[in-house]
Structures are given as structure tokens and as C-alpha cells.
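This report refers to the structure that appears directly beneath it.
Please treat every number below as a calculation from the coordinates, not as lab data. The structure presented is a predicted model; accordingly, all values stated were derived computationally and were not measured. Glycine also receives a Cβ, built like all others from the backbone with ideal geometry; neighbour counts cover every protein chain displayed.
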Amino acid sequence: MPPADQDRTLSDEEQIAALYRELARLTDSPAVELNRAVALSEAEGPEAGLALAERRLFERRLAELDCSAPTSWRSSSPPRTAGAPARSTASG
């Protein structure tokens, strides 16, 4: 027996949000992501739309930081936290 939510038809807002989710998967457009967040807020409430917008903004900022960071920041060693002693790479 299928779950009860599968028997329910989607509202117009939910269908629009689903279409924007698919469009966002196919493109990498900030405008599509913003429209998707608005559609999601109409379908599921403002908290859901704001959470998506904030998450996407955070992901984009991280991607920009990674691309613009100096090479030494992208090394395989983890960054040193404030107050942590520096690890010596010289032997002896």
C-alpha cells in the first residue's frame, strides 16, 4: 500500500517548485535558484524558501572563496586555528 502522501495531488505551487527544482538541476543560474526559493516559499512556507536561498548563497560564497583563495590556502594540510601552535615541517 503506498504512503498517504503519494495519493494526494500536488498543488499548483508544489508543481511549480518541483519544476524549478528540475530547472535548477539542469542550469547553474542564480536567477533560477532565486525563483526556486520563491516558489518553495509559496508551496511550503517562507521558512523553506529562505532556508534554500541562504543555503545556495552560502554554497556560492564558498565556491567563490575556493576559486579566489591563494594556492597555499588550498593545500592538503588543514588550516591552522587561532592560538594553535604551528607545525614544524623541518626535520631535526
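Taking Lys and Arg as +1 and Asp and Glu as -1, the other residues whose beta-carbon sits under 12 Å from that of Ala53 total 0. Couplings 3J(HN,Hα) of the stretch 42-54, computed from phi: 5, 7, 10, x, x, 4, 5, x, 5, 4, 5, 4, 5 Hz, in residue order, whole Hz [Karplus 6.51 cos²θ - 1.76 cosθ + 1.60, θ = phi - 60°; x for Gly and Pro]. At q = 0.16, 0.18, 0.24, 0.30 Å⁻¹ the log10 of I(q)/I(0) for the stretch 10-70 amounts to -0.51, -0.61, -0.92, -1.20, computed by Debye summation with a single uniform scatterer per C-alpha, solvent ignored.
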